[in-house]
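Note sheet for the following structure.
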Amino acid sequence: MTTQMKDIYEIGEAPPLGHVPKHMYAQTIRRERFGEPKDAFQIEQVDVPPLKPDEVLVYVMAAGVNFNNVWAALGSPLDVVQLHERDDPPASFHIGGSDASGIVYAVGSEARNVKVGDHVVIHCGVWERNDPLVLAGGDPCLSASMRIWGYETNWGSFAQFCKAQDHQCLPKAPHLTWEASAASILVGATAYRMLTGWPEHAVRPGDVVLIWGGSGGLGSIAIQLVKHFGGVPVAVVSSDERGEYCKKLGAKGYINRRSFDHWGMMPHWKDTEAYNRWSQSVRAFGRALWEAIGERKNPRIVFEHPGEDTIPTSIFVCDTGGMVVICAGTSGYTATVDLRYLWMRQKRFQGSHFANDQQSAAYNELLTKGAVDPCLGQVFSFQEVGQAHQLMHENRASGGNMVCMVGAPRQGLTGLP
Ligand code: NAP
């Protein structure tokens, strides 16, 4: 590392350990650029932010790409800049990025979890430490103060330095490169909570689990977690190439959703003709699922995130007494359900949102032991943050979890150069 003290450093040029420059380069989103991700992100020079007592400043080596900053770039369904305008101090831009690997450069006066020089990854769960529910030992994900770092909060990982609460830091898996370790904490911890965090419906050996978007960020990790817990993962994908990728990760089989056309809000039950057409197609999907796993067994858990397009099918194919667990509505938020299948077959429809410290640490532990692969997908440069999000927006990513290099001078490094 260089020993020269400067007010700003070039991308890939690390300041001396512990030296915090005045300024940094960041990929910002501003309201006037809301729209296509390739245009919404732009590199600019900003001040390095001050720390609150429980916060830490991390020199970002690599930053993971997630769908939330596609939403941030579009400015919909949430205007994230509006959130940051109300911050203390306020900011008129958004620095996104909810996954990071990096080196701790400064710690707030009350930060106890890490010290300067630690190599860390950052999970994206933020909450007020004085929140009554948090103080009472409750699950912070259920607290009113819970936010997603680098989406609902500013100063995420698409910058030379990011700012996080100290409890968000986890030890970086020593065997993983900076880019691999930045790839999967957000989707991995989310999938971990979805599959283990709703007792009665934690994955058990032999459980069939249907996983939408099996080759995507969430799906690629969910397949491995289900397999790790002894379940039988079956993926839904939009091409055979993606299906084969899922099988390599451990899926028993896959369904190509392009073979069906009953997607979106389901017809009204009084519209008999349209309802019957829908019913035939959804039953054919159920048979395709049995074919994919080689037995007539329904999924005890359906791992959902597309939402509007797929919920009617998920509720239908879920086993009696099973659970549809959902963390997003990528295709839309208006979910329609034939309630007869929900109540008479006593199924559960469960929302789930990111993960708490314990669940994030448990996922990181599986990564560290090598029990789960982070599924590093395409790797981009810092300049290409917008292009990476554009690919995700257009569902053209080639599988796994995309990452942008920030401070790491090249790929393949597990520690300092
Ligand atoms: P991703 O890597 O882009 O993967 C999503 C997958 O969904 C795609 O690979 C695609 O696979 C599938 N898909 C897209 N449109 C679909 C549709 N209309 N019907 C069925 N499948 C569709 O994204 P991700 O990282 O897995 O994230 C997925 C969603 O979860 C995003 O909306 C994200 O914001 C959300 N999320 C929420 C949380 C949380 O804590 N609440 C955490 C992580 C992610 P095929 O085209 O191959 O089917």
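Please report the carbon-and-sulfur percent of the accessible area for the chain; probe 1.4 Å, protein heavy atoms only, DNA, RNA and ligands left out.
51 percent
Give the aspartates and glutamates reachable from K6 as a straight Cα distance under 15 Å; neighbours fewer than 8 places away on the same chain don't count.
Within the straight-line cut-off, K6 pairs with D47.
Relative to the longest principal axis of the chain, what angle (0 to 90°, nearest 10) does the C-alpha long axis of helix 272-293 take?
Approximately 70 degrees, to the nearest ten.
Below 8 Å between Cα atoms, with a sequence gap of 6+, how large is the relative contact order for the chain in percent?
Relative contact order of the chain: 19 percent.
Keeping all protein chains in place, calculate the accessible area per residue for the chain (probe 1.4 angstrom), answer in Å².
41 Å²
Quick one: dipole size for region 164-285, taken about the Cα centre, charges +1 on Lys/Arg Cβ and -1 on Asp/Glu Cβ, in debye to the nearest 20.
I would put it at about 220 debye.
Going through region 51-145, which trypsin sites (Lys or Arg not before Pro) have at most 11 other Cβ atoms within 10 Å and a DSSP loop state?
Taking region 51-145 and a limit of 11 other Cβ atoms within 10 Å, the loop trypsin sites (Lys or Arg not before Pro) found are R86, R112, K115.
Compute, for the chain, the length of the dipole vector about the Cα centre, with Cβ point charges of +1 (Lys, Arg) and -1 (Asp, Glu) only. Units Debye, rounded to 20.
1260 debye
Take every DSSP beta bridge with both residues inside the chain and express the antiparallel ones as a percent of the total, to the nearest 5.
Taking every DSSP beta bridge with both residues in the chain, the antiparallel ones total about 60 percent.
What FRET efficiency, computed as 1/(1 + (r/R0)^6) with R0 = 25 Å and r the Cβ-Cβ distance, is obtained for E110 and A136, rounded to the nearest 0.05?
Approximately 0.80, to the nearest 0.05.
Can you classify region 48-129 as rounded, prolate or oblate using the Cα gyration tensor, where a ≥ b ≥ c are the square roots of its eigenvalues, rounded means a/c under 1.5, and otherwise it's prolate if a/b beats b/c and oblate if not?
Judged from the Cα gyration tensor, region 48-129 comes out oblate (a/c at least 1.5, b/c at or above a/b).
Count the lysine pairs in region 198-351 whose Cα atoms sit under 27 Å apart, keeping only pairs 8 or more residues apart in sequence or on different chains.
Total qualifying Lys-Lys pairs in region 198-351 comes to 11.
If you filter region 1-52 for GluC sites (Glu not before Pro), then keep DSSP loop positions with at most 15 other Cβ within 10 Å, what is left?
Sites meeting the loop and neighbour criteria: E10, E13.
Based on the Kirkwood radius over alpha-carbon pairs, what value in µm²/s does the Stokes-Einstein equation return for the translational diffusion coefficient of the chain at 25 °C and 0.890 mPa s?
112 µm²/s
Among rounded, prolate and oblate, which fits region 113-210 when a ≥ b ≥ c are the square roots of the eigenvalues of its C-alpha gyration tensor, a/c under 1.5 means rounded, and a/b larger than b/c means prolate?
oblate
Kirkwood Rh and Cα-based Rg: tell me the resulting Rg over Rh for region 198-351, rounded to two decimals.
So for region 198-351, dividing Rg by the Kirkwood Rh gives 0.94.
Rounded to whole Å and sorted largest first, what semi-axes of the equivalent ellipsoid does the C-alpha gyration tensor of region 300-416 yield via the square root of 5 times each eigenvalue?
Computed over region 300-416, the values are 35, 19, 11 Å.
Kindly provide the pair-distance distribution of region 352-416 built from C-alpha pairs, with 5 Å bins from 0 and whole-percent values in order of increasing distance.
Values per bin, smallest distances first: 4, 14, 17, 19, 21, 19, 7, 0.
Divide by every residue of the chain the summed helix terms, -39500 (n - 2.57) for each DSSP H run of at least 4, and state the resulting mean residue ellipticity at 222 nm, rounded to the nearest 500 deg cm²/dmol.
One gets -8000 deg cm²/dmol as the mean residue ellipticity at 222 nm.
For E32 paired with A284, estimate the spin-label separation in nm (one decimal), with each label point 7 Å from Cα along the Cα-to-Cβ line.
Between E32 and A284, the label points sit 5.2 nm apart.
Ordering K297, K270 by accessible area with a probe of 1.4 Å, largest first, what comes out?
Greatest to least solvent exposure: K270, K297.
Which FRET efficiency value, to the nearest 0.05, is calculated for R296 and Q358 with the Förster distance at 30 angstrom and r the Cβ-Cβ distance?
0.20
The values are calculated or read from the model by the stated rules, or taken from the named source; none is laboratory data. Because the structure is a prediction, the values reported are computed rather than measured. Glycine also receives a Cβ, built like all others from the backbone with ideal geometry; neighbour counts cover every protein chain displayed. Only protein heavy atoms, including side chains, enter the accessible area calculation; ligands, DNA and RNA are left aside. Shrake-Rupley method; radii C 1.70, N 1.55, O 1.52, S 1.80 Å.
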